Amino acid sequence: MKPTDISTRSLSALALLVAGALIAAQALYIPAKAQVAQVLMSSAWERQLSTGDPARPWPWADFSPTARLSFPAQNKTVLALTDAAGESLAFGPTLMAASARPGERGVAVFAAHRDTHFAFLKDVKPGDTVTIETTDGRHTFSVTGSDIVRWDDSNIVPHDNGPPRIALVTCWPLEAKTPGPMRYVVWAGLREGG
Amino acid sequence: MSTLASHGLRTRPALAGALLAATCLTPAAYAQDGTVSKSEVSSGSLLLQSSTPGRYVEAPLVAADVKMDIAGPVIRTRLTQRFTNPTDKWVEGVYAFPLPEDAAVDTLKIVIGDRFIEGDIKERQEARIIYAEAAANGQRAGLVEEERPNLFTTSLANIGPGETVAIQIEYQDKARLDNGVWSTRFPLVIAPRYSPKPTFGPTADRTSRILAVNDPVPDRDRITPPVLHPAHEPSGAEGLRLPVSFDIALESGFRLADISSRSHGLIVTEADADSARIKLQDGEVPADRDFILSWKPEPAAAPTASLFREERNGEDYLLAVVNPPVLRVEGQRRDRETIFVIDNSGSMSGESMDQAKQGLLLALDRLAPTDEFNVIRFDDTMDMLFTTAVAANAQNLARAKRFVSNLQANGGTEMLPALRAALVDNDRSNAEEVRQVVFITDGAIGNEDELFSALTGGLGRSRLFTVGIGSAPNAYFMTRAARQGRGTFTYMDDVTKVAEQSAKLFAALENPVMTDLAVKLPDGAADAYPSPLPDLYAGEPVTLVLRTADLKGDLTLSGKLNGRTWTQTFSLSEAAATKGVAQLWGRAKIAGFEESRYSGMSLEDVDKGVLRTALDFHLVSRLTSLVAVDKTPARPAGERPDTRQIATMLPKGWDFGAVFGPEAEARALRFDHLPDTVMQNINARAMQEKPPAESNLALPGAATTWELMLAFGLGLIAFGAALLRRGRILIGSRGLAPASVGPSSTASSVRSRR
């Protein structure tokens, strides 16, 4: 074995290490950002509740938290934002702009990543409670069931003038690691008096 | 401010990387489903509405043909492009194309199949309704709208399966004169300005009032960041590129010394002393860079002034391009106070930042010890190097150079505080010293109204010189900012030519400027634009348009250069008749109205003025659109024809030249079949099926691929580590390695190891 071979080998090994570290860091950045965004959004949410004015989670953010979703059975709380730009899903569940507002007639559609904010959707069962707080007030929904649909054939018609419902959307299959066309939809209806 | 903020976000490179994974469509989203968003369109292309709102499938473009008639400074351009509907459905297409910033678009003609339609100018909202109704009726219809001052879109309704569509747009433009060289630029690329780079925001803001109502893409806000450049589209990338041919007739009006292009090779035929016919050496070229044509008069033949006129509705419109004599001012370098402002926001990262730094370092070198200077850098924060402007001595310069060299591009783009700080003038009344603000940026300006107000109110004796960095600076904004700041705009797009390109800036900064430029109109003449006339920097001509009732009397231009007065007088009757001058005047008047918004005119008055002028002159503007409707319904009600037809019947008088030759036909046929993945995404919107508003909500991608990425990253690390370990073992046993080579070394190494 000649020395040059060894140095080529260690050089490429080093290159691999560096590339691997960069990619891993990039990958870890995604869930980290998802977490940090939620922390920042929750303090913005508190400010918003106390002042009544929309508060930005960080100075250059272009949104403010829209709703707080609580899942008591799963002991989970996430802050949602309104779909303002393509990247909003990176920060939290997103209330799709085309959908109804939670508590209004029609369907309020929240979408989030299956591997970050909506990872717990797999544990949500019919009958579970979902509480949604917005600046307008607080609504309690009961999970009625779930669907698996194609992204472009969702059967969700947001403004169908039906009773107030919510649809929580994430990617399907829940355990898959690669993207696909299918979506998992958890349906919930407004609880009486909620 | 919210858009400003979002820029900051979007420009962060780390985020951008992460955003790629933010949908179920992985980084190769474009490759996977073949769709693009409007913001990702990089050159004129026909977009077919896909089943995802706001995402489009690019229709294969067969060919484009540019015919330019240049008469003196007046340019008439006719752009013809032909597309094929690759699907077996009736579709609606949206076609986005770039044009020069001050292009006056006045004509739209569409051939869909065997139908020929000509557009008419209407108020934007009205045009939209006419178009939508025709589309719903199954009539063929077309609509041209101004999306940005230099980006237009055409919508086309009811394009039949496999049909070929030809779109012809005509506009009026004027040639630029710079240091004695005439030139024109035909944009072939909508540079990243229209991908979600910071520059997306400001112009969108400007028109959002209108777009909010009329936008054919109601969810434009949701356009996702670019995932893959369309040019890298995997299936037949070469084929999908836009081949363009040029046919240019040049009547310069003077003896020509040289015709050249720094972007493309040229073939000049039928060359005369003062005219020529120009084509491209390579025939058709891919639309990957702007086409730039320059022509130069023989030194002795260079006219000092050219005057052109056109009669329209009993009135005469004039265009004057006047080259003031070069007044040499010897030994009169005035001391300067120069404030350099450099943008180090995330959008500048990479080559742009290097260019900006290089340019600024060069500029620092040109300061004299008697000058004063300061450096301000900004992203979403801001730093001033010195608390106030300091002498340009060696020590201060060294400190500034260190500061500049260490700049890193990161963060958002909060330009207003930096601009305000740069305009703070502690010595307002000092007329002896020139005060210059040099703004180096890619134009990620979020709130131009605020910036314009800051400029209008706070300019004082300061002059603003904008320097546009990178491949896609927001030229529209920076030109206007420079005009309002009474300075110049310099374009720096080539990292290898920073020195060359900054020469124009230095010439402007260091040479005396002609001020108090005024025009005296004869009786009956009025409405000269631009108004007021800007200061003239070295090498710049006076270009103005005006309207007059009759061609009598004299036009007198005057200006002051270092205390000396320059005047020049022309007789209006000398003007040569040329078509298109009236359109140029109309466009200039519209620009004048738009600009007066920042100097106090009420929004209603601005809108009223723009609308009236645009309708009078048949021009597309922020408030007016061209709409064309075919009287006869084309799409058979109810049923869908299942045969493909490529109809190319063209009316007389349409010279597509080479475009419609057999070669083009062959190319068209090649694109008949797109991959199935692309086909699946086509939605025959508003044609046969339920309109999307009532149908299913399309769900966004809802998974990141971070786990996959992590596994991949860790895999690489593991592999690298294994390789390294093996390498180490080998290094460790190196003493033994030569054992097989020679006995002597064996002995020694064995011994040494023992």
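Ranking of A:H113, B:H618, A:H159 by neighbouring Cβ atoms within 10 Å, starting from the fewest: A:H159, B:H618, A:H113.
Across all directions, the average flat footprint of the convex hull enclosing the Cα atoms of the stretch B:383-453 is 6.1 nm². The angle between the Cα long axis of helix A:3-51 and the longest principal axis of the Cα atoms of chain A comes to about 20 degrees, rounded to the nearest 10.
Would you mind getting me the FRET efficiency between B:E118 and B:Q281? Use the beta-carbon distance for r and R0 = 25 Å, nearest 0.05. It would help to have the intermediate numbers written out before the result.
Values: r = 34 Å, r/R0 = 1.37.
The pair B:E118/B:Q281 has a calculated efficiency of 0.15.
Residue by residue along A:12-21, Cβ atoms of other protein chains within 10 Å of the local Cβ number 6 on average. Between B:T456 and B:D427, the contour length at 0.36 nm per residue exceeds the Cα-Cα span by 8.6 nm.
Per residue of chain A, the DSSP helices (runs of n ≥ 4 H) give a summed -39500 (n - 2.57) that works out to -9500 deg cm²/dmol at 222 nm. The overall shape of the stretch A:9-165 is prolate: from the C-alpha gyration tensor, with semi-axes ordered a ≥ b ≥ c, the ratio a/c is 1.5 or greater and a/b exceeds b/c.
Residue ranges A:48-54, A:143-149, B:247-253 sort as B:247-253, A:143-149, A:48-54 when ordered by packing (mean number of other C-beta atoms within 10 Å per residue, highest first).
For the stretch A:26-190, what relative contact order do you get, as a whole percent, if you take Cα pairs closer than 8 Å and at least 6 residues apart? Don't jump to the answer; show the numbers that get you there.
Details: 359 pairs, mean separation 31.8, N = 165.
Here the relative contact order equals 19 percent.
Grab the beta carbon distance between B:Q395 and A:T144, set R0 = 60 Å, and tell me the FRET efficiency rounded to 0.05. Write down the numbers at each step before the final one.
Working: r = 75 Å, r/R0 = 1.25.
In this case the efficiency is close to 0.20.
Distance from a point 7 Å along Cα→Cβ of B:A249 to each backbone N in the stretch B:157-183: keep the residues under 17 Å and list them by number. Counting backbone N atoms under 17 Å from the label point, the list is B:170-173.
Quote to one decimal, in nm, the extra length available between B:D272 and B:E315 on full extension: 0.36 nm per residue of separation minus the C-alpha distance between them.
On the way: separation 43, 0.36 × 43 = 15.48 nm, distance 3.34 nm.
Length difference between fully extended and current span is 12.1 nm.
Take A:177-183, B:357-363 and order them by the average number of nearby Cβ atoms within 10 Å per residue, most first; the result is B:357-363, A:177-183. Judged by the ratio a/c of the largest to the smallest principal axis of the C-alpha gyration tensor, the stretch B:336-510 counts as rounded, that ratio being less than 1.5. Under 30 Å of direct C-alpha separation, and excluding same-chain neighbours fewer than eight residues apart, B:K122 reaches these lysines: B:K38, B:K67, B:K89, B:K109, B:K174, B:K579, B:K589, B:K608, B:K631, B:K652, B:K690. Each other residue within a Cβ distance under 10 Å of A:V107 adds +1 if Lys or Arg and -1 if Asp or Glu, for a net charge of 0. Would you mind getting me the FRET efficiency between A:S50 and B:S596? Use the beta-carbon distance for r and R0 = 35 Å, nearest 0.05. Once the sixth-power term is evaluated, E becomes 0.20.
All of the numbers you see were taken from the coordinates with simple rules; none came from a lab. It should be emphasised that the depicted structure is a prediction, and the values quoted were computed from it without experimental measurement. Note that each Cβ is placed from the backbone with ideal geometry, even for glycine, and that neighbours are counted across all protein chains shown.
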